[in-house]
1. Checking the conditions here, which among LEU118, LEU52, LEU85 is part of a helix (DSSP H, G or I), at pLDDT 90 or above and not small (Gly, Ala, Ser)?
2. Test ASP78 against the criterion of being in contact with a helix residue (DSSP H, G or I) (Cβ under 9 Å, 6 or more places away or on another chain), at pLDDT below 90, farther than 20 Å from GLN42 by Cβ and open to solvent by 50 Å² or more (accessible area, probe 1.4 Å), and give yes or no.
3. Can you run down the residue pairs with Cβ atoms below 8 Å, 6 or more apart or on separate chains, where the first is in the stretch 41-62 and surrounded by 17 or more Cβ atoms within 10 Å (Cβ to Cβ) and the partner is of a type in the set (Gly, Ala, Ser)?
4. Going by what's in this entry, would VAL98 be described as open to solvent by less than 70 Å² (accessible area, probe 1.4 Å) and either of a type in the set (Lys, Arg) or modelled with pLDDT of 90 or more (or both)?
Amino acid sequence: LVEYAGAHASGEGDASKELERLPLTANILDPIRCSVMCSGPQEMVETAGWLLTHGNEVGLPVVRVKNKFSMEDSSEYDGYRDLMLCVIFEGVQGLRIVGEIQIHDVRLFQLKLQMHKLYKVK
């Protein structure tokens, strides 16, 4: 974990000292994750658009969008493509958790399951 804890590794000033006191788990960005299966690109765009438009209204404001369809270097994800939206869930007593909503094309997702088996062997 230390290898991936860049925020803890170095720095100067009060902000850096504050980060050093946080546990390594503070680097986890998506402790809650769900998948939405769509039947093609149009439905994926409509789903993402709805979340971007209505996320605040339903208590899931979108704070980050990662569009793997627009990535030029597909080798980072073994060629897999989807949309990922990070949302903030705010519960009782001010509890705030970052969650991730993955929007998949169902046909690509089925291929991903097969690719994952190959990844484990890799």
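1. Numbers: LEU118 fails: at pLDDT 90 or above; LEU85 fails: part of a helix (DSSP H, G or I).
None of the others qualify; the one that does is LEU52.
2. Answer is yes for this residue.
3. From the stretch 41-62, the pairs are LEU60/GLY99; VAL62/GLY55.
4. Against the criterion (open to solvent by less than 70 Å² (accessible area, probe 1.4 Å) and either of a type in the set (Lys, Arg) or modelled with pLDDT of 90 or more (or both)), VAL98 does not qualify.
The values are calculated or read from the model by the stated rules, or taken from the named source; none is laboratory data. Not measured: the values here are computed from a predicted model. Note that each Cβ is placed from the backbone with ideal geometry, even for glycine, and that neighbours are counted across all protein chains shown. For the accessible areas, the whole protein counts, side chains as well, though only heavy atoms, and no ligand, DNA or RNA atoms are used. Shrake-Rupley method; radii C 1.70, N 1.55, O 1.52, S 1.80 Å.
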